[in-house]
Amino acid sequence: MYLADFHLHSNFSDGKLSIPALVDYYGKRGFGAIAITDHFCEQTSLIGRASTYLGVTLTTATFPIYRELLKSEQERAWDQYGMCLIPGVEITKNSILNHRSAHFLVLGNLENIDPNLDISELSDRVRPEGALVIAAHPVSTQKIEKQTFHLWDRREELAPKVDAWEVASGPYLFDEVRYSGLPMIANSDFHSEKNMTSWKTLLSCEKKQEAVLQAIKKQQLDFQFYREETVREPSYSTLPWIMGPQLGHYGMGNVDSLQAISK
Ligand SMILES: [Zn+2]
Ligand SMILES: [Zn+2]
């Protein structure tokens, strides 16, 4: 069994670390699989165009360089750490309205990405080519930040087009997703080291891209809470009730499994 995290940002969008630094950060911690998923904002909206201006999103100019760097780091991640690096992207559609905003990940094949397409159209385009589509933080993240509810509002329509829905994005479990019957995945939405303490996905398949994507698709996975000891988050020990009843278990060690918590 090994830990995996499929939602990481580098400095190609609004993350703090470079792609090689992310590989080293997760590789040194023994992760078996990661996906780097920088924002690629829709260019048809004003907010998307503003993001391009501010340099916090991939663009049609930087996207080919990003893909090339991911390819070379994929080899290094494997050679140096035995870690599977999956190329990814977070298609980012922001509106001033939370119910019009949608973020989703495409993992595995970035050949035909167009951030201006609706999730349904893009899913039809990329999934036959082996890519996975993941709904990112589809319900309230319980953090003070932009919320993205559009995919959740459309969950019945989109269920056949989405391979998994994030049941956690960081340290919070989303009960709506957890009890929905929809396929799930847990990620950290890593932007900097302070996001490392988070729910992660646990896999037992071969550390190869195809096997990893299949395991997600077939839901052969589990979830674990991972605590990064080097970054202290005082709210965890002093205000455990903020995060809900499951937090009673958090002091027990580095990781707690979702199964243990459900008991
Ligand atoms: Zn997002
Ligand atoms: Zn993200």
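A Gaussian network model of the chain, with springs between Cα atoms under 10 Å, assigns the largest mean-square fluctuation among 185, 144, 86 to 144. Along the charge dipole of the chain, which of 9, 187, 110 sits closest to the positive end, that is, farthest toward it, with unit charges on the beta carbon of Lys, Arg, Asp and Glu (+1, +1, -1, -1)? Farthest towards the positive pole: 187. On full extension, the segment bounded by residue 228 and residue 140 gains 29.3 nm, given 0.36 nm per residue less the C-alpha separation.
I'd like the antiparallel share, as a percent to the nearest 5, of DSSP beta bridges with both residues in the chain. Bridges in the chain are about 50 percent antiparallel.
For the chain, modelled as a GNM with alpha-carbon contacts under 10 angstrom, which of 142, 224, 209 fluctuates the most? Greatest mean-square fluctuation among the candidates belongs to 142. Shown is the FRET efficiency for residue 118 and residue 96, computed with R0 = 25 Å from the Cβ-Cβ distance and rounded to the nearest 0.05: 0.85.
Only helices enter the 222 nm calculation for the chain: every DSSP H run of n ≥ 4 contributes -39,500 (n - 2.57), and dividing by all residues gives -7500 deg cm²/dmol, rounded to 500. One chain, two ends: residue 219 and residue 67. Fully extended at 0.36 nm per residue, the span grows by 52.0 nm beyond their Cα-Cα distance.
Take 6-14, 187-195 and order them by the average number of nearby Cβ atoms within 10 Å per residue, most first; the result is 6-14, 187-195. Net charge dipole, the chain: roughly 340 debye, given to the nearest 20, about the Cα centre with Cβ charges of +1 for Lys and Arg and -1 for Asp and Glu. By the Kirkwood approach, averaging reciprocal distances over each pair of separate Cα atoms, the chain gets a hydrodynamic radius of 18.4 Å.
Quick note: the coordinates plus some simple rules give every number you see, no bench work behind them. All figures in this text were calculated on a predicted structure; none of them were measured in a lab. No Cβ is skipped: glycine too gets one built from the backbone with ideal geometry, and neighbour counts run over all protein chains shown.
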